[in-house]
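Please treat every number below as a calculation from the coordinates, not as lab data. Everything quoted here is computed from the prediction, not taken from an experiment. Here Cβ is always computed from backbone atoms with ideal geometry, including for glycine, and neighbour counts include all displayed protein chains.
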Amino acid sequence: MKKIAILGSTGSIGTQALDVVRAHPNELQVSVIAANSNDELLEKQIDEFKPELAVLSDESAYQRLKSRLKNHTETKLECGRTSFIEAAAYDGVEIVVTSMLGFAGLEPTLKAIDAGKDIALANKETLVVAGEIVMKRAAERGVQILPVDSEHGAFFQCLQGEDRKSIKKLLLTASGGPFRGKTRDDLKDVTIEQVLSHPTWNMGKKITVDSATLVNKGLEVIEAKHLYNVEYEQIQVVVHPQSIVHSMVEFCDNSIIAQLASTDMRLPIQYALTYPKRMASPTASLDFWSMQNLTFEKPDIDTFKGLKFAYQAGKTGGTSPCVFNAANEVAVHAFLSGKIKFLDIYNVIEETMSRQAVIHNPNLETLINEDLRARSIADSLVKV
Ligand code: MG
């Protein structure tokens, strides 16, 4: 029985991770669940999975749940950011699913690594912001970073039994999002609802906006660079609207291995949790007769500048990816609150990156400070 912790258990990845646990009750056991403020869903999860520890970051959500859980004895309920971070190091847990949102995922992930837990990494911002620090610490502690992101999970599967030195290229597939083929002019007045209707994947709001701007693909490029220790020139984004090929690896002999499956996040989550074992999965089998054609095209990085900014930030290195990510988090939040338009997301990122000097070889403290500085610059831009 593998004991797991799910940080961000009420979000899209968290609930799907619990689905995987539900399908394999003899293999996986949830010891810890932690969420930000969704006390109602957390309560249901406590009732069903009976974890040893449950944490809510938000104080008022915690108070609400505590009053309802009065007679509950099996699960210890804790509150606050510090408890959330501490939960990552919970005794007896073997693997931590990091499915919390954004930069806030960094500290708990490092805490889990320091405690020797394997990581089922769904919080890509952790590697974007602090890839060098995270990968180095994981190597020192002998901790495995198992990717949950479908593309990186695909690379991971394609690379089983292969010498990483024989990688020529990582071919990172992208659906292209809901606005593939559109011009900047078409995108001037798109609504939040249009942005949130993704053609192939059903995901949380932040990542769905990131998919529409191609910032998500940009974050994934940086994530792939750190996970597989390749150069940026070796990562090529390929738009593949059907989202059947989840990514491919080209080797030095020009042979390409691809991973294909239905668009269901439970598959990469499960592989990360049961690795190296493969097990039956709730993911639907692919029906080749229903796939008329699989197409591949070049990304339009002049319209969807998220990808261009990410390569720039990644190649510049130092605090640049951290600033890129912080500016994007602020801009997406402002867009979802109706404060700025869709294309303004790019302006906020570009302007924030141009105003903030890059610091090379940052330590964790520098990254935390630079993240805050970038947020205040971006905040001032979305308030205008
Ligand atoms: Mg992805």
| Roughly how many nanometres apart are two label points built 7 Å out from the Cα toward the Cβ at Asp47 and Glu74? | 1.3
| said: Under a crude label model (7 Å from the Cα following the beta-carbon direction), how far is Cys252 from Gln160 in nanometres? | reply: 2.4
| Toward the positive end of the charge dipole of segment 52-152, about the Cα centre and with charges on Cβ (Lys, Arg +1; Asp, Glu -1), which of Asn123, Gly102, Leu77 goes farthest? | Leu77
| Straight-line reach from Lys111: which lysines have Cα under 19 Å away, leaving out those fewer than 8 places along the same chain? | Lys3, Lys124, Lys136
| field | Using θ = phi - 60° and Karplus 6.51 cos²θ - 1.76 cosθ + 1.60, couplings along segment 18-28 (whole Hz; Gly, Pro as x) | value | 5, 4, 5, 4, 4, 6, 9, x, 8, 10, 10
| request: Based solely on C-alpha atoms, express the radius of gyration and the Dmax of segment 317-384 in angstrom. | output: 11.6, 36
| What relative contact order, as a whole-number percentage, does the chain give when Cα pairs under 8 Å and 6 or more residues apart are counted? | 15
| Listed peptides 285-291, 155-161, 134-140 by packing density, highest first (mean Cβ within 10 Å) | 155-161, 134-140, 285-291
| field | Partners for Lys70 among lysines (Cα-Cα distance below 17 Å; same-chain residues under 8 apart left out) | value | Lys44, Lys50
| message | How would the chain be classified by its alpha-carbon gyration tensor: rounded, prolate or oblate, with rounded meaning a/c under 1.5 and the a/b versus b/c comparison settling the rest? | response | rounded
| remark: Where a ≥ b ≥ c are root eigenvalues of the Cα gyration tensor, a/c under 1.5 meaning rounded, otherwise prolate if a/b exceeds b/c and oblate otherwise, segment 21-151 counts as prolate
| note | Pseudo-spin-label distance Arg64 to Ala280, built 7 Å along Cα→Cβ, given in nm, is 3.8
| request: Could you name the lysines whose alpha carbon sits less than 21 Å from that of Lys298, not counting residues in the same chain fewer than 8 places away? | output: Lys168, Lys169, Lys182, Lys217, Lys225, Lys308, Lys315
| remark: Per the helix-only model, the chain has a calculated mean residue ellipticity at 222 nm (DSSP H runs of ≥4, -39500 (n - 2.57) each, divided over all residues, rounded to the nearest 500) of -14000 deg cm²/dmol
| remark: the chain: antiparallel bridges as % of DSSP beta bridges, rounded to 5, reads 25
| said: I'd like the FRET efficiency for Trp201 and Thr366, computed as 1/(1 + (r/R0)^6) with the beta carbon distance as r and R0 of 45 Å, rounded to 0.05. | reply: 0.85
